[in-house]
1. Of the conditions (1) closer than 30 Å to Gln140 by Cα; (2) exposed (fewer than 15 other Cβ atoms within 10 Å of the Cβ); (3) aliphatic (A, V, I, L, M), Ala105 clears all except one; give me its number.
2. I'd like the full set of residues that are acidic (Asp, Glu) and modelled with pLDDT under 90, limited to the stretch 150-200.
3. Got a number for residues in the stretch 66-89 being more than 10 Å from Val111 (Cβ to Cβ) and part of a strand (DSSP E or B)?
4. Out of Lys24, Lys37, Lys78, Lys44, report the one residue that is in contact (Cβ under 8 Å) with a residue 12 or more places away in the chain, within 19 Å of Val131 (Cα to Cα) and not aliphatic (A, V, I, L, M).
5. Only residues that are touching an Asp or Glu at 6+ places or on another chain (Cβ under 9 Å), of a type outside the set (A, V, I, L, M, F, W, C) and either free of Cβ contacts under 8 Å to residues at least 12 places away in the same chain or crowded, with 16+ Cβ neighbours inside 10 Å (or both): list them for the stretch 160-174, please.
6. Can you list the strands (runs of 3 or more DSSP E) found entirely within the stretch 265-367 that contain at least 1 residues being over 30 Å from Leu203 (Cα atoms)?
7. For the stretch 303-322, which positions are in contact with a helix residue (DSSP H, G or I) (Cβ under 8 Å, 6 or more places away or on another chain) and modelled with pLDDT under 95?
8. Do we have any residue at all in the stretch 233-249 that's in a strand (DSSP E or B), in contact with a Ser or Thr (Cβ under 8 Å, 6 or more places away or on another chain), surrounded by fewer than 20 Cβ atoms within 10 Å (Cβ to Cβ) and not assigned by TED's automatic domain parsing to the domain that holds Glu354?
Amino acid sequence: MSLLNLPGLGQMVEVISKERNLPKHAVQNALREALLKGYERFRKTYRSDGINFEEEHFNNFDVELDLEGEGFRVLATKTIVDEVGDADHEIGLFEVREVAPEAQAGGTVVVDVTPEQGDFGRMAAIQTKQVLAQKLRDQQRKIIQEEFQDIEGTVLQGRVLRFETTSVIVSVSSGFGQPEAEAELPKREQLAGERPYRPNMTLKVYLKKVFEGSRRGPQLLVSRADAGLVVYLFANEVPEIEEEIVRIVAVAREANPPSPAVGPRTKIAVDTLERDVDPVGACIGARGARIQAVVAELRGEKIDVIRWSPDPSTYIANSLSPARIHEVRLINANERIAHVIVPEDQLSLAIGKEGQNVRLAARLTGWKIDIKNLSKYDYEDEDRKAQESIARSAPILEQSNLDDEENEYDNSED
């Protein structure tokens, strides 16, 4: 069989494999696809023979690499026919029977169609080089997607590589001994308190998304601002969470507040079914050791650990920690509106700097929280307003329930 020479083929595969962090079989697949594209270019440019090449014309062609012989062959799978009408896809029965007397029409054979060394021209070589670069990128994307898609939503150790506009490019690995891959840490997912980032700086990052298909830049999107990072850090520091004795019910995080005058803050609600376990104390640890380890990783971010409760009033009161709450009134349960009444000296603490404390408490509990001054709160007037609000929302709620019932009826009819 013919062989088109590629001096140093084996070494080239080895070098590309190491430089691109790709397995050798992936490099060989990319090279085979690129060489086949080069052959297509050669045929269309120099050996068209008046053929109108359709998009699928070369689907029956393949490239075979010979690493030891340092070259490659082009092979075509052709159908055996009595009379040849398409030489690229068919071969005559008489010709085949010269080497395989038992051959029958309708069968297939693999034919060596490798061009001569001098025929595989410069244009075909350029096409091969261009396609190889693209195929190697495709192989890298595919491997990264397969390697990381199952660990999306977990935390990885990252190392700062370089900077692209406002984004930081970090290297991450899916596990011990695995090759590193590049990930993008965009500005919105960074922590303002730890900028500027420095080359080779190490930090834990939350794998937020693995992009599919081709895109400019890294396939991985990581975050330092996602609430998932806080959950992971606590699970890593608190054995009771890992052992499912203590559970994290909800997290509300403001890693990058709207105003630079306000620092980052997180509220985390925890609970347990064990009567003799204090879930809040378990997360804080002896002398605050556990929570301080989390705070240190988040560069001093303020963290409130509060006790979750199935009772909305208790839960809302806990969520506004460290403020001292006089009373929580559930004004409209359907619309989840609550009035939180506090002494005047607790107003600023309950609301927080630029509203951060009450904003996070509302996100944590899912209730609209209105902080009220105890000394100015008019119970009768607020009760009247609440009844009017409930009366206005009742028809809307009733119509919504009717719509739900109609949908259920329609589904049952189907």
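1. It fails just one condition, (1).
2. Matches in the stretch 150-200: Asp150, Glu180, Glu194.
3. Matching residues across the stretch 66-89 total 7.
4. Values: Lys24 fails: in contact (Cβ under 8 Å) with a residue 12 or more places away in the chain; Lys78 fails: within 19 Å of Val131 (Cα to Cα); Lys44 fails: in contact (Cβ under 8 Å) with a residue 12 or more places away in the chain.
On inspection, the qualifying residue turns out to be Lys37.
5. Ser167, Ser171, Ser173, Ser174, listed by residue number.
6. Values: elements: 265-272, 302-307, 327-332, 337-342.
Because the criterion is at least 1 residues that are over 30 Å from Leu203 (Cα atoms), the strands (runs of 3 or more DSSP E) in the stretch 265-367 that meet it are 265-272, 327-332, 337-342.
7. The one that is in contact with a helix residue (DSSP H, G or I) (Cβ under 8 Å, 6 or more places away or on another chain) and modelled with pLDDT under 95: Pro322.
8. As a first pass, look at the stretch 233-249 and keep what is in a strand (DSSP E or B): 246-249.
After this cut, where a residue has to be in contact with a Ser or Thr (Cβ under 8 Å, 6 or more places away or on another chain) as well, the list is 246-247.
Going one step further and asking which of them are surrounded by fewer than 20 Cβ atoms within 10 Å (Cβ to Cβ), we end up with 247.
Now narrow it down to the ones that are not assigned by TED's automatic domain parsing to the domain that holds Glu354: 247.
Yes, the stretch 233-249 contains at least one residue that is in a strand (DSSP E or B), in contact with a Ser or Thr (Cβ under 8 Å, 6 or more places away or on another chain), surrounded by fewer than 20 Cβ atoms within 10 Å (Cβ to Cβ) and not assigned by TED's automatic domain parsing to the domain that holds Glu354.
The values are calculated or read from the model by the stated rules, or taken from the named source; none is laboratory data. Note that the structure is a prediction, hence the values are computed from the model and not measured. Reconstructed Cβ throughout: ideal geometry from the backbone, glycine too, with neighbour counts over all protein chains shown.
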